[in-house]
1. Could you name every one of the helices (runs of 4 or more DSSP H) located completely within the range 285-404 that has at least 3 residues being closer than 24 Å to Ser275 by Cβ and open to solvent by less than 70 Å² (accessible area, probe 1.4 Å)?
2. Taking the residues in the range 405-425 that are under 23 Å from Ala352 (Cβ atoms) and open to solvent by less than 60 Å² (accessible area, probe 1.4 Å) as candidates, determine which candidate is farthest from the chain's Cα centre (by Cα).
3. Which numbered condition trips up Ala91, out of (1) more than 28 Å from Gly295 (Cα to Cα); (2) small (Gly, Ala, Ser); (3) at pLDDT below 90?
4. Name every residue in the range 457-511 that is in a loop (DSSP other than H, G, I, E, B), without any contact (Cβ under 8 Å) to a residue 40 or more places away in the chain and out of contact with any His (no Cβ under 8 Å at 6 or more places or on another chain), in order of residue number.
5. Is at least one residue of the range 447-454 within 28 Å of Lys387 (Cα to Cα) and assigned to a helix (DSSP H, G or I)?
6. Taking Leu208 and the conditions (1) surrounded by 14 or more Cβ atoms within 10 Å (Cβ to Cβ); (2) over 24 Å from Ala256 (Cβ atoms), which numbered condition does it fall short on, given that it satisfies the others?
7. Search the range 224-240 for residues being open to solvent by less than 40 Å² (accessible area, probe 1.4 Å) and modelled with pLDDT of 90 or more, and hand back the single one that is farthest from the chain's Cα centre (by Cα).
8. Six or more apart or on different chains, Cβ atoms under 9 Å: show the pairs whose first residue is in the range 399-413 and closer than 12 Å to Arg382 by Cβ and whose second is part of a helix (DSSP H, G or I) and of a type in the set (Ser, Thr, Tyr).
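The values are calculated or read from the model by the stated rules, or taken from the named source; none is laboratory data. Just so we're clear, the structure is a prediction, and the values are computed from it rather than from any experiment. Counting neighbours? That spans all protein chains shown, and the Cβs are built from the backbone with ideal geometry, glycine included. Just so you know, the surface numbers come from the protein's heavy atoms only, side chains and all, with ligands and any DNA or RNA stripped out. Shrake-Rupley method; radii C 1.70, N 1.55, O 1.52, S 1.80 Å.
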Amino acid sequence: MLLPNELEVLVVESQSNMRAQLRTMLASIGIENAQYAVSATAAMKRLREHRYDLILCEYNLGEGQDGQHLLEDLHAHGIIPLDTVFVMITAERNYERVTSACELSPNDYILKPLNAETLRVRLLRAFQKRDIFLPAWQLMRLGDPVGAIEYCRIARDENPQHLTDLLRLQAQLHASIGQLDEAESLYREILGSRSIPWAELGLARLLLLKKRYVEAEDILVGLVGRHERFIAAYELLAQLREETGRPDEACATLDAAAEKSPHRVARLRHLGTLSLAIGNPAGAEEALAEVVRKGKYSEFRDPEDHVRLVQAQLAQDKVQDAQGTIADLDRSMGRQPKGEVCKAVCSALVHAHNNDRARAQAALKAAAQAGGTVRELSVGLRQDLIKACFDQDMQEQASELVTDLLRSSADERTIETTRAVLDQRGLGHLSEQIEARIQTEVKSLVTTGAEKARAGDFDGAVAEMMSAARKLPGNPHVLFNAALALLRHIENRGWNDAFASQAHGLIQRAQRLSPANPRLAAITEFMHALIKRYGIRPEKVMARPVRTF
């Protein structure tokens with residue numbers, strides 16, 4: 001069999017001689033017009049500008065990111081779609097270390113030395129498998145996970161060689177729409193025949209969502225005991241221990257993961273933040289300094305890392321080091337809006353450490369007045385900003401920041417941790433007042449939208465609820481009702497690509513905030529019914545540009 005015609009191919013390889021060899025091999029199997037990138041950074045630039053069918057990537061890319069970290073960044077930030085085939089080329093001596101420690105696997109690995117026929121066969125196999133999963137991925141992009149689930153059920157019978165992978169995708173889809181029992185049943189079906197680490201991990205993740213902590217922890221402890229390089233299991237175990245109020249154990253678990261796989265920036269960042277929380281500033285400084293260093297090679301560097309590093313340095317009374325970190329932040333990201341806010345927070349921390357209240361207040365005021373940019377900060381840093389304002393007798397600014405945080409990030413954990421911040425300062429009553437005020441606001445907005453829909457004013461209902469979603473972008477109740485208003489409009493006025501796309505985006509955002517919400521399944525099934533009713537096909541929608549509301 002032949003490879004698909006006119007493949008768009010990107011080769012990521014830092015060595016010129018290997019690039020030449022791959023160019024010759026690709027030409028011999030019919031791929032004449034491949035493009036090339038010599039580093040992860042160069043590859044990222046090309047991938048932002050162009051969509052490729054195939055990425056052939058060397059694992060060892062020299063200084064900076066390796067191929068595995070590039071793959072993880074590409075998927076974490078939505079740079080490449082699911083149907084882009086990513087094949088890793090690696091030396092045999094690296095294979096076990098790479099495959100056992102990675103959180104996200106490529107479509108295939110090809111070991112060096114390789115030849116043209118091996119390359120052709122392995123690529124053909126990867127594309128054949130891709131084509132089996134492609135309809136499900138297209139339905140997912142359309143916003144129809146229910147349709148994707150139905151496809152998986154049919155494909156399981158027609159493609160028994162990929163039964164386990166199709167069951168895996170189906171389980172993930174059920175979990176994505178809040179059908180946790182169905183997902184759990186599928187994972188247990190997979191595990192009924194043999195032990196598969198990723199299936200145990202998926203089951204543990206579901207049990208964690210269901211707050212069945214003891215069962216989840218038993219699975220994860222067993223996993224890391226039997227598979228000491230299964231890093232994703234360590235990370236989920238750390239999350240469980242953090243959520244159940246055991247930050248010291250969570251930190252130790254992440255530390256063990258970092259020893260085995262020391263290059264993943266997100267893990268080091270989490271380790272540094274947790275180390276700060278448990279009063280280990282030296283450990284925090286070590287992890288966060290490495291995060292800042294690695295960030296120099298990534299397009300996704302985050303100025304918050306400098307803030308955390310400053311916190312760790314000040315906790316050890318290293319004021320000069322902290323000032324050096326601030327200077328580095330100013331040079332590298334100080335002109336970005338988020339960078340400016342982080343620089344102001346850092347300055348406030350230093351002034352507070354030096355007992356210079358007036359300058360600390362001025363810096364905090366500058367950070368707090370950044371408006372929408374403050375919402376770009378993580379929940380943890382926004383809570384630290386709130387603490388700093390209270391500590392500097394800036395109650396008004398702190399209260400405004402609390403209100404904005406609960407409007408824009410109203411998931412269960414954020415609400416709980418924000419209450420704890422206020423309770424620690426004897427301000428539990430303030431938390432209750434703010435939460436009650438927001439609940440009243442939500443109820444009023446949702447009621448107004450529902451009344452317009454009942455009166456047949458579907459345009460008005462959409463306008464009202466989309467305005468509510470902009471005011472309260474982190475409130476799952478508002479997001480669900482905004483999505484419902486868009487879908488009711490489609491139900492009564494006909495199919496609308498833009499509204500369908502927006503509804504899909506709102507449902508996804510609500511799912512991230514409240515993954516176990518019982519409304520997820522119902523609203524997703526409603527969207528599926530509309531897609532079927534209007535005969536919308538993935539290829540039809542994907543070919544048309546989508547307007548924004």
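1. Details: elements: 304-315, 319-333, 337-353, 357-368, 379-391.
In the range 285-404, 304-315, 319-333, 337-353, 379-391 are the helices (runs of 4 or more DSSP H) which contain 3 or more residues that are closer than 24 Å to Ser275 by Cβ and open to solvent by less than 70 Å² (accessible area, probe 1.4 Å).
2. Within the range 405-425, the subset under 23 Å from Ala352 (Cβ atoms) is 405, 417-418, 420-425.
Then drop every residue that is not open to solvent by less than 60 Å² (accessible area, probe 1.4 Å), which leaves 405, 417-418, 420-422.
On the way: Leu405: 19, Thr417: 20, Thr418: 22, Ala420: 25, Val421: 25, Leu422: 28 Å.
The extreme case among them is Leu422.
3. Just one mismatch for Ala91, condition (1).
4. To start, the set of residues in the range 457-511 that are in a loop (DSSP other than H, G, I, E, B) comprises 457, 472-475, 494-496.
Next, only the ones that are without any contact (Cβ under 8 Å) to a residue 40 or more places away in the chain stay: 457, 496.
Passing the criteria: only Asp457.
5. To start, the set of residues in the range 447-454 that are within 28 Å of Lys387 (Cα to Cα) comprises none.
Within the range 447-454, none of the residues are within 28 Å of Lys387 (Cα to Cα) and assigned to a helix (DSSP H, G or I).
6. Every listed condition holds for Leu208 apart from (2).
7. Kept after step one, since they are open to solvent by less than 40 Å² (accessible area, probe 1.4 Å), are these residues of the range 224-240: 224, 230-234, 236-238, 240.
Filter again for modelled with pLDDT of 90 or more, leaving 224, 233-234, 236-238, 240.
Details: Val224: 23, Ala233: 17, Tyr234: 18, Leu236: 14, Leu237: 18, Ala238: 17, Leu240: 18 Å.
If we take residues in the range 224-240 being open to solvent by less than 40 Å² (accessible area, probe 1.4 Å) and modelled with pLDDT of 90 or more, then Val224 is farthest from the chain's Cα centre (by Cα).
8. That search, which allows pairs on different chains as well, returns Val402/Thr418; Val402/Ser431; Leu405/Thr414; Leu405/Thr418; Leu406/Thr414; Leu406/Thr418; Leu406/Ser431; Ser409/Thr418.
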